[in-house]
């Protein structure tokens, strides 16, 4: 790191944040959730990785996947509030659950209380 920035305000935070950068998150709230998971020591999920339904050949890309625990975290922003998208999301979730996946939907309000959110996620990650 350049000597020019040493001792500057915020550099400790920048140094802590650099290892957490990941360009696979597709929205600022998804990035916030990923950082919350990392800062609270949760296992690192796979981000936006395709899961292919072997029966139909259709692929879905969950926001966060914990494959070993068959847990998916989905951030549901305002985009998901239209009738059409809401119905698509319900069908998608039902299909995933029929294959043994557990799906936890997360919204902006969940991000406001990260301690409680992390506790919920930890419970779902337990064997």
Candidates 38, 119 - the one that is surrounded by fewer than 13 Cβ atoms within 10 Å (Cβ to Cβ) and either assigned to a helix (DSSP H, G or I) or in contact (Cβ under 8 Å) with a residue 12 or more places away in the chain (or both): 119
Selection within segment 44-63 - touching a residue at least 24 places away in the same chain (Cβ under 8 Å), assigned to a strand (DSSP E or B) and closer than 18 Å to residue 90 by Cα: 51, 60
Residues located in segment 96-114, provided they are touching a residue at least 40 places away in the same chain (Cβ under 8 Å) and assigned to a helix (DSSP H, G or I): 96, 108, 111, 114
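Read-outs throughout are calculated quantities, based only on the coordinates presented, and are distinct from any laboratory measurement. Being a predicted model, the structure only gives us computed values, none of them experimental. Neighbour counts run over all protein chains shown; Cβ positions are idealised from the backbone, glycine included.
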